[in-house]
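First up is the structure itself, then whatever we jot down about it.
The values are calculated or read from the model by the stated rules, or taken from the named source; none is laboratory data. Computed from a predicted structure; not experimentally measured. Glycine gets a Cβ as well: all are built from the backbone with ideal geometry, and neighbour counts include every protein chain shown.
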Amino acid sequence: MACRRLLAVAAVARVAAGAVSSGCGVESTDILEYVGMESLPLALDGHNHILTLPQDYDYETPVPLILYMHGWGGDASEGDAFASTARKKGIATAALEGSGPENWQSWNAGGSSSSPGPRGATCKPGSTDYCSYYAETCECENSDGCWWTTCEDSTRVLLDALEAVEKMLCVDLEQVWVAGCSNGAMMVYEALADSRSAGLFAGGVSIVGAPHPGFWRPPSSSAHLLGIWGLSDTTIPYEASEDAPGPGVALATVDEDDERGWYYTAARNVTRAWSLHHGGPAAPVATNAYGNGDVSCSTFVGASRETVECTVKAGHVCGRADEIETALGFIEGRRGTSSDKSSSSTSDAKVATAAAVAVVVTCVLLAVFIVSFLFYRRRSRSRGIFELVDVSPVNTLAAPGIAAPSVVGKRPTPSPLRGSPPPRALRPTGALLTPPREGGGGEFPS
Ligand SMILES: *[C@@H]1O[C@H](CO)[C@@H](O)[C@H](O)[C@H]1NC(C)=O
C-alpha cells in the first residue's frame, strides 16, 4: 500500500513536469498481462473502444498515443489496420467508438447534427432524413432534415477515453494525437477546435473528411494538421463544386441528376484557414515530404505548425495502407520537434523520471517480502475497467458487446434508405493484420 502511494506520488511529480501521463511508473498487473499482446477491449460508458499497445511496451517509457475515430456507422475495429501499423512504430492507439445504435455509431462533429449553420442548411432539401436513428440523443423536431449523427457531446467521449488510457498507459503527453476517417475526420477538427480538448493534442490527421460549410472553426490551441482527400471521392469531395451554394463548398454527388446530397467545406478552404491561423501562407507547395504510395502532399511552408494537404487517387475509403503510412509518417516526423509545446519541461521530466525509477526499485525490493500476500489479495480483487479476455490475436475478442472484427466486416448493411447518404466510408476488409484491399467490405446504405 505504501508502495502504491509512493508510486502515485512519483507519477504525480512526473505529470507536474508536464511530460508524461499518470500511467508512467505504475506497475499495473492489469496492463502488464497484456504486454506482448496486440489489442485489448476497453469498455467505457457503453462505448466499446479498442486499445492497442505499442510493440515492446514497458510501463516506464512514455509512448505516443493516437485516438482514432471511425467513420459513420463504423466501430473501433475500423482502426485495426491503423493501430497494428502504429504498434510496430512504437505508438499506442486507442480506437474509439462513437455514439448511436449498432451500425449507426457516429460523431457529432462539424455541424453533422446542427444544421442550419451560418451558411445555411448542410444538405439539399429533400435529402434522406437520418435523424430518427438518433432520436435518443437528438431533438429531431429541430432538425431541418440534414441531421445525420448522434447529438451527444462526442468531445466528452474522447476526453473520457483519454483520461482512462492515460491512467493505464505511460503516455508522452506531448505526443497525443487525434486521427479519424470520414465522420471521424470531422471529429478530428472538432477535437482540435473544442477548448476542452484542443490543448491535449499535438495535432490531427484527417482522412477523407471536412466540416460542413459554416462549421469550420479554428483550432483552440496550436496544432499540426495533415489532411488527406480522395481525388475520386464523391461523398466528401476534394474540390469545391460549381453548383454549390457559395464558394469553397463541395457537394456530394450521388447520381447525375440527383437533387439531394450534403455539402462540405472544400479541402483547400480547410487547409488554407489552418495555415493562415498559424501565420502561414495561403497556398501550399508540393514538397511531398509525407506522401506515401498513392498519396501526394503539399505543405504550407512557413506556418508555425506543420500544415499539410494531401490527395490520394482513391474514393471514400477508410483503412487503406497508403493513407495509414502517410498519417503515421507525419506523426512520427513531429516527434521531438522542439517547436512542439514547451521543451523546458523535458529536464524536469528527467529528474522526475529518475525519482520515479528510484521509487520503483525500492518498491520492488519491498514487494519481494510481501509478494505472496499480495498475490493472494490480487486474485480476489476486481480487475478494474478492462474486460479481461484471453485475446491473442484480436479477432478472438469475445467481450460482451464487442464484435470480433471478422464479424464486423461481414455484418449486414443498414437498411437501404432512399437518397444520398452522408459519408459512410467504404473500408477494406476488417481482419487485423490483413493488408487492406480497396473496395472490399463496402457498406453504403443505398
Ligand atoms: C472558402 O474560402 C474562400 C476564400 O477565402 C471564401 O470566400 C469562401 O467563403 C470559403 N468557403 C467556405 C465554405 O468556407
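Before moving on, here are some points about what is shown:
- Selection from region 56-76 of residues that are crowded, with 24+ Cβ neighbours inside 10 Å and among the acidic types (Asp, Glu): ASP75
- Answer residue from region 123-143, given it is assigned to a loop (DSSP other than H, G, I, E, B) and of a type in the set (Ser, Thr, Tyr) and is surrounded by the most Cβ atoms within 10 Å (Cβ to Cβ) among those: TYR130
- Among the residues making up region 59-90, those that are aliphatic (A, V, I, L, M) and over 20 Å from VAL26 (Cβ atoms) are ILE66, LEU67, MET69, ALA76, ALA81, ALA83, ALA86.
- Top-ranked residue in region 228-245 [being in contact with a Gly (Cβ under 8 Å, 6 or more places away or on another chain) and within 12 Å of the ligand (Cβ to nearest atom); ranked as farthest from SER115 (Cα to Cα)]: ALA240
- When GLY293 is tested against (1) more than 16 Å from the ligand (Cβ to nearest atom); (2) buried (at least 18 other Cβ atoms within 10 Å of the Cβ), just one condition goes unmet, and that condition is (2).
- Restricting region 264-312 to residues that are at pLDDT 95 or above and among the charged types (D, E, K, R), the residue that is nearest to THR253 (Cα to Cα): ARG268
- Just so you know, in region 77-89 the residues that are of a type in the set (Gly, Ala, Ser) and within 18 Å of LEU162 (Cα to Cα) include one that is surrounded by the most Cβ atoms within 10 Å (Cβ to Cβ), and it is GLY79.
- Qualifying residue in region 235-247 (condition: in contact (Cβ under 8 Å) with a residue 60 or more places away in the chain, in contact with a His (Cβ under 7 Å, 6 or more places away or on another chain), closer than 19 Å to TYR189 by Cβ and surrounded by 20 or more Cβ atoms within 10 Å (Cβ to Cβ)): yes
- The numbered conditions (1) surrounded by fewer than 24 Cβ atoms within 10 Å (Cβ to Cβ); (2) farther than 30 Å from GLY246 by Cβ are all true for LEU169 except (1).
- Filtered by the rule that a residue be within 13 Å of the ligand (Cβ to nearest atom), of a type outside the set (A, V, I, L, M) and either surrounded by fewer than 22 Cβ atoms within 10 Å (Cβ to Cβ) or under 22 Å from the mean Cα position of the chain (by Cα) (or both), region 263-285 gives TYR264, THR265, ARG268, ASN269, THR271, ARG272, TRP274, SER275, HIS277.
- Screening VAL188 with (1) assigned to a loop (DSSP other than H, G, I, E, B); (2) closer than 30 Å to GLY329 by Cβ; (3) more than 16 Å from the ligand (Cβ to nearest atom) gives one miss only, at (1).
- Given (1) surrounded by fewer than 21 Cβ atoms within 10 Å (Cβ to Cβ); (2) under 14 Å from PRO237 (Cα atoms); (3) modelled with pLDDT of 95 or more, number of the condition ALA250 does not satisfy: (1)
- Listed by first and then second residue, the pairs with beta-carbon distance under 8 Å, at least 6 apart or on different chains, first residue in region 86-115 and among the acidic types (Asp, Glu), second at pLDDT below 95 and in a loop (DSSP other than H, G, I, E, B), form an empty list.
- Residue check for TYR264: touching a residue at least 40 places away in the same chain (Cβ under 8 Å), in a strand (DSSP E or B) and among the aromatic types (Phe, Trp, Tyr): yes
- Just one of the numbered conditions (1) assigned to a loop (DSSP other than H, G, I, E, B); (2) within 16 Å of the ligand (Cβ to nearest atom) is not true of ASN288: (2).
- Residue ranges of strands (runs of 3 or more DSSP E) in region 1-118 with at least 3 members at pLDDT 95 or above and of a type in the set (Asp, Glu): none
- For the residues ASP129, ASP144, the requirement of being modelled with pLDDT under 95 and acidic (Asp, Glu) singles out ASP129.
- Verdict on PHE215 being under 18 Å from ALA121 (Cα atoms) and either within 16 Å of the ligand (Cβ to nearest atom) or buried (at least 16 other Cβ atoms within 10 Å of the Cβ) (or both): yes
- Qualifying residue in region 162-171 (condition: hydrophobic (A, V, I, L, M, F, W, C), without any contact (Cβ under 8 Å) to a residue 12 or more places away in the chain and on the phi < 0 side of the Ramachandran plot): no
- Region 291-315: number of residues that are in contact with a strand residue (DSSP E or B) (Cβ under 7 Å, 6 or more places away or on another chain) and either β-branched (Val, Ile, Thr) or assigned to a loop (DSSP other than H, G, I, E, B) (or both): 14
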